[in-house]
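See below for the structure under consideration.
What follows draws every value from the coordinates through simple rules; no lab data is involved. Predicted model, so just to flag it, every value in this text is computed and none were measured. For neighbour counting, all protein chains shown are included, and Cβ atoms are generated from backbone atoms with ideal geometry for every residue, glycine included.
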Amino acid sequence: MLQAELRGKTATASGDDTRLEDTLTSAVVGGLAYLPRVALGAVLATTFPDVDWRTVDLDRATFQFWPSFSDGTEPDVLLTVGQRLIVVEAKYRSGFGVRQLEREWEGAHELAAARGADEVLLLALTASTSGEPTEVAQLRTKVGGGSRVAHVSWHVLAGVLEGVDLETAGAERLRDDIVAVMERRGVRHVYTGIELEDWWLVSAAQRTARERVYPQVAALARELQQSLEPDGVRWGVREDKIVHHHSTSLGLPASWARSYLQLPFWPRDFPVKGRGTSWWATFHVLLDFLQGDISVGYLTRPQTVTAARTDWAALVPQLLRATHSLDASWRITTSHGNLAVPDQSTHPGEWREEELRASIARPASHIVLERRVALPDLTSGELGRRMILETIRMVRDNPVWLPPGSGGLLPDPAPEDLPVADDEALQAAESEAVEDAGRSHGG
């Protein structure tokens, strides 16, 4: 389980909080069962400091995972240490159920009476580092549990394990893997410093972007705006802004960097009602800082997973048929949240229908019909203009690529004053999609 977790082979992107909790509990507490019992002693001494934990009892301790009490309640772990039963309820993202801790406390006392155990303890293990959850304090007050009801965060648990002298290299490797799992899941946070060289690279990159790169991007955007206007193609959002991506979530630090700048365009005779709110599509020139090249193409996305599995799934055969004969420079790319991090990208003729259905049914999915251009090859805005017009022509000839609910092509050009899209709503929707995608991948 530990190696599967560390290599991303478990269902950390399933979106099922119960499975995520179970796999984390199995990897961490299950791993603890195989460490020298000095590690268990350190954890229990931290969480229940008033108890005298005897070495002989720790050596004989047993771990029972997901036992079932008489009323059907299933705590995550039941530890038996000497004459004490310790209920461990672990949470990752979800909260406690109705009377969950109380039911586990009652079930453990019933079991203790049957076994002749002397005492019941309850330990709540959660991701919270800002104090114990309300449910723990409420249980302590209700049952008069005192120090027998305790809470510890995954972060503190990792720190306790790291502070234990395990004596053997094999035990230390196992402990390091357990802590690494907690770090991968985002419940262990340790600042180890920033290399000065890395800091100056970031600082230099920011200055270069401000002084030399972004002004040229703005010049490209202006040139494309002016050159495409006679072709009936206008700027693709309501205000004079570009679309960009970065996250500010503490749970997604890898997404803080500005991954791309997107220059959006939209033909006047294409649908506009609901664009940016109830559906989205755009033609773009996208400067991809992560891949190091430029995408010129057409982007669209389902609004919800439900829509993707119904309306969009039914269109997949037509989408592929409409594009399978395009030349080898074209590809269909799917991404989830961050357009600069593709999930799968290949020529339309090489996609299998079931693969595309599965990809677009993931949260925050985007579908891009694109061609990639190396930065040195984009020597002027004219190449971008021609590629945009070719992409528009392809979609115009195959309107199946317009999102369900968009209404299809307009019979006449849209009036000049007809709004194109609400760029603030678009930006908010894209940011929310990024956050959702990050959460669905385990943070």
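Placing one equal scatterer on every Cα of the range 193-289 and applying the Debye formula, the log10 ratio I(q)/I(0) at q = 0.19 Å⁻¹ is -1.02.
Phi angles of the range 55-67 translate, via the Karplus equation with coefficients 6.51, -1.76, 1.60 and θ = phi - 60°, into HN-Hα couplings of 4, 5, 6, 4, 5, 9, 4, 10, 10, 10, 8, 6, x Hz per residue; Gly and Pro are given as x. Shown for Phe48, Phe265, Phe63: other C-beta atoms within 10 Å of each C-beta, ranked fewest to most, produce the order Phe63, Phe48, Phe265. Among beta bridges identified by DSSP and lying wholly in the range 2-184, the antiparallel ones come to about 45 percent. Between Val285, Val217, Val179, where does the largest GNM mean-square fluctuation fall for the chain, given springs only between Cα atoms within less than 10 Å? Of the options given, Val217 has the highest mean-square fluctuation. In a Gaussian network model over the chain where Cα atoms closer than 10 Å are linked, find which of Trp266, Trp401, Trp105 has the largest mean-square fluctuation. With Cα springs under 10 Å in the chain, the top fluctuation among Trp266, Trp401, Trp105 is at Trp105. With kT/(6 pi eta Rh) evaluated at 25 °C and eta = 0.890 mPa s, and Rh the Kirkwood radius from Cα pairs, the range 2-184 diffuses with a coefficient of 146 µm²/s according to Stokes-Einstein. Beta bridges assigned by DSSP with both partners in the range 166-319 are antiparallel in approximately 95 percent of cases. Using C-alpha pairs below 8 Å separated by at least 6 residues, the relative contact order for the chain is 14 percent.
When only Cα pairs below 8 angstrom with a gap of at least 6 residues are kept, the range 66-129 shows a relative contact order of 37 percent.
Here the range 208-254 and the range 295-346 have alpha carbon centers that stand 22 Å from each other. Of the candidates Pro376, Pro267, Pro49, which one comes out as most mobile in a Gaussian network treatment of the chain with C-alpha springs shorter than 10 Å? It is Pro376.
Can you give the angle from 0 to 90° between the axis of helix 196-208 and the longest principal axis of the chain, with both taken from C-alpha atoms, to the nearest 10? On a 0 to 90 degree scale, this one is about 30. For mean projected area of the Cα convex hull in nm², the candidate list reads (1) 18.9; (2) 33.2; (3) 26.3; the entry that matches the value derived from this model is (3).
As a length-normalised measure over Cα pairs under 8 Å and 6 or more apart, the relative contact order of the range 130-239 settles at 16 percent. Ordering His336, His284, His347, His189 from the fewest to the most neighbouring beta carbons within 10 Å gives His189, His347, His336, His284.
With both residues required to sit in the chain, DSSP beta bridges show an antiparallel share near 80%.
Footprinting exposure proxy ranking of Ser345, Ser26, fewest other C-beta atoms within 10 angstrom first, gives Ser345, Ser26.
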